[in-house]
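Provided herewith is a single structure, encoded as structure tokens, for subsequent inquiry.
The values are calculated or read from the model by the stated rules, or taken from the named source; none is laboratory data. Keep in mind it's a predicted model, so treat the numbers as computed, not measured. We place every Cβ from the backbone using ideal geometry, glycine too, and count neighbours over all the protein chains shown. Note: accessible area is taken over every heavy atom of the protein model, side chains too, but ligands, DNA and RNA are not part of it. Shrake-Rupley method; radii C 1.70, N 1.55, O 1.52, S 1.80 Å.
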Amino acid sequence: MDFDVVIVGAGPAGLSAAARLMQQANEADQELTVCVVEKGSEVGAHILSGAVFEPRALAELFPDWADRGAPLNTPATRDEVYLLKDAEKGQKLPNALVPPSMHNTGGDITRYVISAGNLSRWLAEQAEALGVEIFPGFAAQETIIEDGVVKGILIGDMGVGADGQPKDSYMPGMELRAKYTLFAEGSRGHLGKRLIERFKLDDGKDPQHYGIGLKELWDIPAEQHEPGLVLHGSGWPLDKGTHGGWFLYHAEDQQVVVGLIMDLSYQNPWLSPFDEFQRMKHHPVLKQHLGNGKRVAYGARAITKGGLNCLPKMTFPGGLLIGCDAGTLNFSKIKGLHTAMKSGLVAAESVFETLQEGDEGGKELTAFTEKWEASWAYAELKESASFGPAIHKYGTVAGGAYNFANQLLGGKLPNLHDTTPDHATLKPAKECKKIDYPKPDGKLSFDKLSSVFLSNTNHEEDQPCHLKLTDPDVPIRDNLPEFDEPAQRYCPAAVYEVVKGDDGKPQFQINFQNCVHCKTCDIKDPAQNITWVAPEGGGGPNYPNM
């Protein structure tokens, strides 16, 4: 099938690009074919974010978003920031000591506690009304590259058995060809990763850095609910060498979202991000909001957080990387939806401009780079370029102080860099303290399998495993003696286990059916031996209101 533009990923970046493309075409009375493919079973099924949303890019795309019924119903009304000192004590920080980028109330822009999944569902409705074709349940498996030019994508085959042979339900994949292809897969997109390598888009850049975000949705009693209350914090339970922070937002409909974002640059292989999150909820500062409530959803997702120093070149012949596939998140704000959307808008304007000139596709869109670097989103990233490196270098508190001072001084302090990839930071297990996590109580804390159940994750079991090992011997031969095979712990969905085989020897087991598509394994495996590829379309989590 041939299109003018194919977009991979129906998240905020991809859908914003699609809608803006059709807006321009309709205004110019010009025929344009735009297709969006989405690996989730429906738009929004794989979308996971905090989220406190800044609607700046949304207002550029749809100035009348409120009249159109955009799901922005809960303005942020009150900010609280805490430093948790231990399992019982926490100190509320005065606003004067909170970096300006962390403030969510006051100022000229009203921010909203939202579901990013529901925002994506609404954006899809707007895009389809403009004439965009959206195909959920179809996973882009390969990029079509001919003579060094991206020509589109190949949709993965459906109905292939675990043995690699077609089943009765077999349906061959389809080529979707385009003059230009936009990749908006989200953090650590598997096609984006290959494009960065193929076209050397990260030459001269710092290695990209990531976090893992874990999130739960809770129903709470009305008397505990304060719509628009926004809490952030850091400190316990993470040690001084492990960086991250938590969030707790009061959303609409008597619901609270709570989560932990942890840098994947951590050093202790005994650490489990999932278990850190579970014990964190027992702290009195968080417990007062969750007690008497009921957990109704769970999910996890990698976060591309390196910022400007790690942002790859976003153009290549025939296409663009946008949103979190490139790494446009502003981590100093803990926000990426608005910048992802802006990258989509700039992409759409650049593509349409060249198509209007009669272009048949395949060019490198250098005009995009000029427009992007002149945008407010790029300016945000430039202002906060040192945010992540400062925390990695000095720690959460001292790094936060550096960033606070840098913001007050208008970015005049030296630009810091972190050139160690996240997978290379683990220390040998014998050099680190083993962590004994408390058993979950089933009220505030839970185990992995019951959590995966709440993510509504489902994969067709009789299909090839989508978690590929370059060398199947590495987990037991190398990772187990050196790091006690950390995949057992960094995976938030119990996908990886070390079990005893029939011969009594340890074996590496992959429960791919549990995979919530977070991509942490692809990032954190110390041997870089695990490659995440898209499973059969429609598989994975089905997040409600996340």
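Give the long-range amide H neighbours of A10: residues separated by 5 or more places, or on another chain, with amide H under 5 Å away, using H modelled in the peptide plane at 1.01 Å from N.
Amide H to amide H, under 5 Å and 5 or more residues apart or across chains, A10 pairs with K39.
Sticking with this one: Could you tell me which trypsin sites (Lys or Arg not before Pro) in segment 33-86 are loop residues by DSSP with no more than 13 other beta carbons within 10 angstrom of their beta carbon? Display every interim value, and only then the final one.
Values: sites: K39, R56, R68, R78, K85; in loops: K39, R68, K85.
For trypsin sites (Lys or Arg not before Pro) across segment 33-86 that sit outside H, G, I, E and B with at most 13 neighbouring Cβ atoms in 10 Å, the list reads R68, K85.
Can you tell me the length gained on complete extension of the stretch N73 to I435, counting 0.36 nm per residue apart and subtracting the Cα distance?
Length difference between fully extended and current span is 126.2 nm.
To the nearest 20 debye, what charge dipole does the chain have about its Cα centre, counting +1 at the Cβ of each Lys and Arg and -1 at the Cβ of each Asp and Glu? Numbers along the way, then the final one.
Details: 52 positive and 73 negative charges, 455 e Å.
Magnitude of the dipole: close to 2180 debye.
Toward the positive end of the charge dipole of the chain, about the Cα centre and with charges on Cβ (Lys, Arg +1; Asp, Glu -1), which of L286, L469, V351 goes farthest?
Positive-end residue among those listed: L286.
If you roll a 1.4 angstrom probe over the protein chains with everything in place, what fraction of the accessible area of the chain belongs to carbon and sulfur, to the nearest %?
Values: 10630 of 21650 Å².
That share works out to 49 percent.
Run the simple label-point estimate for D502 and K92 please: 7 Å along Cα→C-beta, distance reported in nm.
Between D502 and K92, the simple spin-label model gives 6.2 nm.
Each residue of segment 152-164 in order: what ³J(HN,Hα) in whole Hz does its phi give by Karplus 6.51 cos²θ - 1.76 cosθ + 1.60, θ = phi - 60°, with x for Gly and Pro?
x, 9, 10, 6, x, 4, 10, x, 9, x, 4, 7, x
Long-range amide H contacts for D157: which residues qualify at under 5 Å (H placed 1.01 Å from N, peptide plane, sequence gap of 5 or more or a different chain)?
Amide H neighbours of D157, under 5 Å, 5+ apart: G173.
Over segment 498-546, what portion of Cα pair distances is larger than 16 Å, expressed as a whole percent? Working shown, then result.
On the way: 661 of 1176 pairs.
Value for segment 498-546: 56 percent of Cα pairs lie more than 16 Å apart.
Moving on. Using mean Cβ contacts within 10 Å as the protection proxy, how do 532-538, 476-482, 504-510 order, highest first?
Numbers: 532-538: 21.3, 476-482: 16.3, 504-510: 13.9.
The most tightly packed comes first, giving 532-538, 476-482, 504-510.
Putting +1 on Lys and Arg Cβ atoms and -1 on Asp and Glu Cβ atoms, find which of L61, M158, I220 reaches farthest to the positive end of the dipole of the chain.
I220
Right, another one. Determine the shape class of segment 296-350: with a ≥ b ≥ c the square roots of the Cα gyration tensor eigenvalues, call it rounded for a/c under 1.5, and otherwise prolate if a/b is greater than b/c, oblate otherwise.
Numbers: a/c = 1.94, a/b = 1.67, b/c = 1.16.
Prolate, since a/c reaches 1.5 and a/b exceeds b/c.
Let me ask something additional. Give me the accessible area per residue for the chain, probe 1.4 Å, as a whole number in Å². Present the calculation step by step, with values, prior to reporting the outcome.
On the way: 21650 Å² over 546 residues.
About 40 Å² of surface per residue is accessible.
Mind checking the dipole of segment 478-546: about its Cα centre, +1 per Lys or Arg Cβ, -1 per Asp or Glu Cβ, Debye to the nearest 20?
Details: 5 positive and 10 negative charges, 52 e Å.
For segment 478-546, the charge dipole is close to 260 debye.
Output the relative contact order of the chain, whole-number percent, from Cα pairs under 8 angstrom with separation of 6+ residues.
Numbers: 1282 pairs, mean separation 112.3, N = 546.
Across the chain, relative contact order equals 21 percent.
Residues with amide H under 5 Å of A162's amide H, sequence separation 5 or more or different chain, H placed in the peptide plane at 1.01 Å from N; which?
Q463
Whole-Hz ³J(HN,Hα) for each residue in segment 224-237, computed from phi via Karplus 6.51 cos²θ - 1.76 cosθ + 1.60 with θ = phi - 60°, x for glycine and proline: what do you get?
These are the phi-based 3J(HN,Hα) values: 9, 9, 10, x, x, 6, 10, 10, 10, x, 8, x, 3, x Hz.
Using a cut-off of 9 Å between beta-carbons, work out the net charge of the residues near P389 (Lys and Arg +1, Asp and Glu -1, P389 not included). Before the final figure, lay out the partial values.
Values: positive: K393; negative: D206, D418.
Local net charge: -1.
Send over the semi-axes of segment 1-61's equivalent ellipsoid, whole angstrom and largest first, taken as the square roots of 5 times the C-alpha gyration tensor eigenvalues.
Working: eigenvalues 107, 63, 7 Å².
Over the Cα atoms of segment 1-61, the ellipsoid semi-axes are 23, 18, 6 Å.
If you don't mind, another one. Please state, as a whole number in µm²/s, the translational diffusion coefficient that the Stokes-Einstein equation yields for segment 362-492 at 20 °C and 1.002 mPa s, with Rh defined as the Kirkwood radius across alpha carbon pairs. Walk me through the intermediate numbers first.
Values: Rh = 20.2 Å.
Translational D for this selection: 106 µm²/s.
Can you compute the charge dipole magnitude of segment 175-286 about its Cα centre, using +1 on each Lys and Arg Cβ and -1 on each Asp and Glu Cβ, nothing else charged? Give it in debye, rounded to the nearest 20. Don't jump to the answer; show the numbers that get you there.
Numbers: 12 positive and 16 negative charges, 140 e Å.
About 680 debye.
Quick check: Cα centre of segment 502-537 to Cα centre of segment 370-414, how many Å?
34
Classify the chain as rounded, prolate or oblate, taking a ≥ b ≥ c as the square roots of the eigenvalues of its Cα gyration tensor: rounded when a/c is under 1.5, otherwise prolate if a/b is larger than b/c and oblate if not.
Details: a/c = 1.45, a/b = 1.14, b/c = 1.27.
Here the chain falls in the rounded category.
Tell me, how many Å apart are the Cα centres for segment 246-276 and for segment 1-22?
Rounded to whole Å, the Cα centres lie 31 Å apart.
On to the next question. Tell me whether segment 210-356 comes out rounded, prolate or oblate; compute the Cα gyration tensor, take square roots of the eigenvalues as a ≥ b ≥ c, and use a/c under 1.5 as the rounded threshold. Write down the numbers at each step before the final one.
Details: a/c = 3.07, a/b = 1.64, b/c = 1.87.
Since a/c reaches 1.5 but b/c is at least a/b, the shape of segment 210-356 is classed as oblate.
Work out the charge dipole of segment 1-112 with +1 on the Cβ of Lys and Arg and -1 on the Cβ of Asp and Glu about the Cα centre, then indicate which of F3, C35, A17 is farthest towards its positive end.
Comparing the listed Cα positions along the dipole, A17 ranks first.
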